[in-house]
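The values are calculated or read from the model by the stated rules, or taken from the named source; none is laboratory data. Keep in mind it's a predicted model, so treat the numbers as computed, not measured. No Cβ is skipped: glycine too gets one built from the backbone with ideal geometry, and neighbour counts run over all protein chains shown.
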Amino acid sequence: MAAKIKIKKVREKPKEADVTPKEEMETAPKETGATAKKADATPNPEVIDATSAQQSAPRIIMPIRIERPIFRIVLTIAIAVLFLGFPQVMGFWSSATGFESIFDLAFLSSVWYLIVIWSLARIIGEVFKIIIGRYNRLFGLIAFLADVVVVVAAALVFLNPGVLNPDFTPLLSSHFEITLPYVVELFLMNINYIIFAILCFVTLIDCIATSIKSLKYN
């Protein structure tokens, strides 16, 4: 009996050995297919990195320099005070007649509201710039509207022929007892147009630069 049992045990071993390779061969393709499916389902790490980098890329914000709006506010207030309170100092002083302004004082007194409008438009625009603090579309829109109001109000003042004092050039010549060169006389007679042209040029350059930065860093 012992011998028979040993034989059975020996005979049983090959059966186990024969079954094991078959099971491995049957299960191996399944595992390989599952692994292939997992490999296909796995997203490309380069695509993930590019997408996450695009989503997490910080927006470029261009802050403004607060010194510029503050300087413009102070300059606007000084110009408004000069035109509304002391326009006579923009000229020369004579012991016989006192101050002779290049501008007509009565005309400036009649258009005081236009000077106030362009001053308030500039000041309010600069205050909003400080509040916003950076370049964006709202910043550009406010700057554009303020510039338009300033240019329109200044045009109504400086393009009016009555803004200049017609007696300024003769009084200046007689006071200094000289004959003014034609170029100087022409400059003084058209100084209102020159002031307005300088104002428009500076405003246009600033408006273009502000618009470009507002659209770029919006």
Of the residues 144, 158, 103, which single one is under 18 Å from residue 207 (Cβ atoms) and in contact (Cβ under 8 Å) with a residue 24 or more places away in the chain? 144
Residues being surrounded by fewer than 19 Cβ atoms within 10 Å (Cβ to Cβ), farther than 25 Å from residue 186 by Cβ and touching a Phe, Trp or Tyr at 6+ places or on another chain (Cβ under 9 Å) - total across region 116-156: 8
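Among the residues of region 91-98, is any of a type in the set (Ser, Thr, Tyr), in contact with a His (Cβ under 8 Å, 6 or more places away or on another chain) and in the same structural domain as residue 209 (by TED's automatic domain parsing)?
Looking through region 91-98, at least one residue is of a type in the set (Ser, Thr, Tyr), in contact with a His (Cβ under 8 Å, 6 or more places away or on another chain) and in the same structural domain as residue 209 (by TED's automatic domain parsing).
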Given the criterion more than 23 Å from residue 210 (Cβ to Cβ), surrounded by fewer than 14 Cβ atoms within 10 Å (Cβ to Cβ) and in the same structural domain as residue 189 (by TED's automatic domain parsing), identify the matching residue among 84, 108, 159. 159
Which members of region 127-168 meet the condition of being assigned to a loop (DSSP other than H, G, I, E, B) and either touching a strand residue (DSSP E or B) at 6+ places or on another chain (Cβ under 7 Å) or modelled with pLDDT under 90 (or both)? 133, 135, 136, 165, 166, 167
What's the number of the only condition in (1) exposed (fewer than 12 other Cβ atoms within 10 Å of the Cβ); (2) within 33 Å of the chain's Cα centre (by Cα); (3) farther than 17 Å from residue 115 by Cα that residue 181 fails to meet? (2)
If residue 142 meets every condition in (1) out of contact with any helix residue (DSSP H, G or I) (no Cβ under 6 Å at 6 or more places or on another chain); (2) on the phi < 0 side of the Ramachandran plot apart from one, which number is that one? (1)
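Restricting region 171-218 to residues that are among the polar types (S, T, N, Q) and assigned to a helix (DSSP H, G or I), which is farthest from residue 154 (Cα to Cα)?
Here the answer is 174.
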Sole exception among (1) farther than 20 Å from residue 63 by Cβ; (2) crowded, with 16+ Cβ neighbours inside 10 Å for residue 197, by number: (2)
